[in-house]
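**Student:** Here it is, the structure in full.
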Amino acid sequence: MLIRRRTLLAAAGASTVASSLAAPAIAQSKQIQLAGASYDMREAILGEFAKRTGITPRPFVNPSTQVRIDRLRTAPIDCVLTDAPFAAYANSEKLVTPIDTSRLTNWSKMHPLLKDGRATPTAPLGFGANPGRMMYVDEARTKVSFVPMFFQMDSIGYNASKIPAENNVLSWGELFNPKWRGKVAMFGIDWLGMLNAAMGMRALGLFDPADISNLTDKEVDTVVAFLKEKKKEGHFRAMWKSYGELVNLMASEEVWIADAWWPVIVEVSGKGIPVHYAVAKEGYRAWCNGYAISATSKNTDACYEWLNYWMEGYPGARQAEIGYFSTVLGTYEKYLDPKLVKEVYGGVGRDGGSLEDRAQRVFVWNTRPKNLEYYTEKWNEFLAA
């Protein structure tokens, strides 16, 4: 499978995309102002939308969801890329307007993991910012704060020549196995690093919070004290913050195990390093991104065209090429090589198996904790220790 995420992230800056779409050859009278990230504001996706609709996308690109949401306060944005917790926050601040699902052509094809909160009636209901529980803004579940468009489940990357894993299964607790001291990397962003650490501690039986996605201040203190002790022991090789950084650490074999992103493992394995993406014994940490409509947009019809375009299949297929799943079933296949469909969705030759298998193993969703400021304060204290 071809994954070009590093090239993508380096090349998809706001000025490049905006300038290419502003070229006189495709200038249009109608426009839509978008706020997104480098992995969705891509020329292939934006250009196809302009060709199909006659509407010129004008993208603002920033990797921070907080920055994109805050931009709704100061700039004429029509649609913004967000996730469930930030969509809920934006809705509470009256920055976005409810989206009528009856205007979404393929809403009925939304994957049940996103639409209902679980992949099957017997699958676990993931903790935290579960879109199937958070995105609805009315009791009838006919209006949503945002529409999920692509998603993934994160796990543990490991070097199979150094770390044994029966049937490719590893516990989150393996991140803290003293056998791997000095060869461990963890994601260095406060709330997400804290969540991964909490899952590892829970797997080891060190504590069992009521809601692992929203730790109390006292529980945050417990996690940070544990991390400080592990740091003092020399357990961590690095706290990684960027995709390329982790690729380099694992490719050089300075790091044997990490809370990794799946495309990192694809790239490192492509260099001949025997790394794999584990089936998380306790379950995956899932995330999704999608679009909300700004409360101040004067361009609502164009916003629904943007949403329906994403749900039609073409953007979902392009996202599959960089390792993400489309939230809408049965629409992306016509735009993808059948071999890639079998690999990405069917799990053929892919660690972790099919989407169907992975979707039933979600333990928790990426979540913006209520006491984020305290998370950040204590995380910085850990980094400085």
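**Student:** Provide the net charge surrounding Gln31, with neighbours chosen by a C-beta distance below 10 Å and charges set as Lys +1, Arg +1, Asp -1, Glu -1.
**Tutor:** Details: positive: Lys30, Arg58; negative: Asp78.
Net charge in that neighbourhood comes out at +1.
**Student:** How much accessible area per residue does segment 202-259 have, in Å², with a 1.4 Å probe?
**Tutor:** Working: 2670 Å² over 58 residues.
Counting only protein heavy atoms, the per-residue value for segment 202-259 is 46 Å².
**Student:** If I compute solvent accessible area with a 1.4 Å probe over the protein chains, what percent of it on the chain is carbon and sulfur? Don't skip to the end; give the middle numbers.
**Tutor:** Working: 7880 of 15440 Å².
Carbon and sulfur together cover 51 percent of it.
**Student:** Could you work out how much longer the chain between Asp217 and Tyr374 gets when fully extended? Use 0.36 nm per residue separation minus the Cα distance between them, nm to one decimal. Could the numbers behind the result be given before it?
**Tutor:** Numbers: separation 157, 0.36 × 157 = 56.52 nm, distance 0.70 nm.
Net length gain for the segment: 55.8 nm.
**Student:** What does the C-alpha gyration tensor say about the overall shape of the chain? Classify as rounded when a/c is under 1.5, otherwise prolate if a/b is larger than b/c, or oblate.
**Tutor:** Verdict is prolate for the chain.
**Student:** Antiparallel DSSP bridges in the chain: what percent, to the nearest 5?
**Tutor:** Details: 24 of 46 bridges.
Of all bridge pairs located within the chain, approximately 50 percent are antiparallel.
**Student:** Would you calculate the separation in nanometres between label points at Val169 and Ala123, each defined as 7 Å from the Cα along the Cα-to-beta-carbon direction?
**Tutor:** 1.9 nm
**Student:** Report the percentage of all Cα-Cα pairs in segment 280-385 whose separation exceeds 25 Å, rounded to a whole percent.
**Tutor:** Details: 2448 of 5565 pairs.
When all Cα pairs of segment 280-385 are counted, 44 percent exceed 25 Å.
**Student:** Follow-up. Which of Lys143/Lys298; Lys143/Lys342; Lys228/Lys281; Lys143/Lys339; Lys162/Lys378; Lys231/Lys281 have a Cα-Cα distance over 28 Å?
**Tutor:** Working: Lys143/Lys298 19 Å; Lys143/Lys342 33 Å; Lys228/Lys281 25 Å; Lys143/Lys339 36 Å; Lys162/Lys378 32 Å; Lys231/Lys281 25 Å.
Result: Lys143/Lys342; Lys143/Lys339; Lys162/Lys378 exceed 28 Å.
**Student:** What translational diffusion coefficient, to the nearest whole µm²/s, does segment 292-354 have by Stokes-Einstein, given a Kirkwood radius computed over alpha-carbon pairs, a temperature of 20 °C and 1.002 mPa s viscosity? Let's see the in-between values first.
**Tutor:** On the way: Rh = 12.9 Å.
The diffusion coefficient I find is 166 µm²/s.
**Student:** How large is the Rg to Rh ratio of segment 112-235 when both quantities use alpha carbon positions and Rh follows Kirkwood? Show your work: numbers first, answer last.
**Tutor:** Numbers: Rg = 17.4 Å, Rh = 16.8 Å.
Result for segment 112-235 is an Rg/Rh of 1.03.
**Student:** From the square roots a ≥ b ≥ c of the eigenvalues of the alpha-carbon gyration tensor of segment 97-171, which class results: rounded (a/c under 1.5), prolate (a/b over b/c), or oblate? Spell out each step's value before the answer.
**Tutor:** Values: a/c = 3.07, a/b = 2.75, b/c = 1.12.
Prolate shape, in that a/c is at least 1.5 and a/b is the bigger ratio.
**Student:** Show the residues, 5+ positions off or on another chain, whose built amide H is closer than 5 Å to the amide H of Phe236.
**Tutor:** Gly182
**Student:** Evaluated at 25 °C with a viscosity of 0.890 mPa s, what Stokes-Einstein diffusion coefficient in µm²/s does segment 207-327 have when Rh comes from the Kirkwood expression over alpha-carbon pairs? Each step should come with its number before you reach the end.
**Tutor:** Working: Rh = 18.4 Å.
My calculation gives 133 µm²/s for D.
**Student:** Please give the per residue accessible area of segment 137-189, computed with a probe of 1.4 Å over protein heavy atoms only, in Å². Intermediate values should be presented prior to the final figure.
**Tutor:** On the way: 1980 Å² over 53 residues.
The answer is 37 Å² per residue.
**Student:** Top to bottom by accessible area (1.4 Å), largest first, where do Lys231, Lys51 land? Mind showing how you got there, number by number?
**Tutor:** Values: Lys231 70, Lys51 150 Å².
From most accessible down to least: Lys51, Lys231.
**Student:** As a test of the formula, what do you get for the chain when each DSSP H run with n ≥ 4 contributes -39,500 (n - 2.57) and the sum is divided by the residue count, at 222 nm and rounded to the nearest 500 deg cm²/dmol? Walk me through the numbers on the way to the answer.
**Tutor:** On the way: 16 runs with 142 residues, N = 385.
Mean residue ellipticity, 222 nm, calculated: -10500 deg cm²/dmol.
The values are calculated or read from the model by the stated rules, or taken from the named source; none is laboratory data. Source: prediction; values computed, not measured. FYI the Cβ positions are ideal-geometry reconstructions off the backbone, even for glycines, and counts take in every protein chain you see. Just the protein is used for accessible areas: all its heavy atoms, side chains included, with ligands, DNA and RNA removed. Shrake-Rupley method; radii C 1.70, N 1.55, O 1.52, S 1.80 Å.
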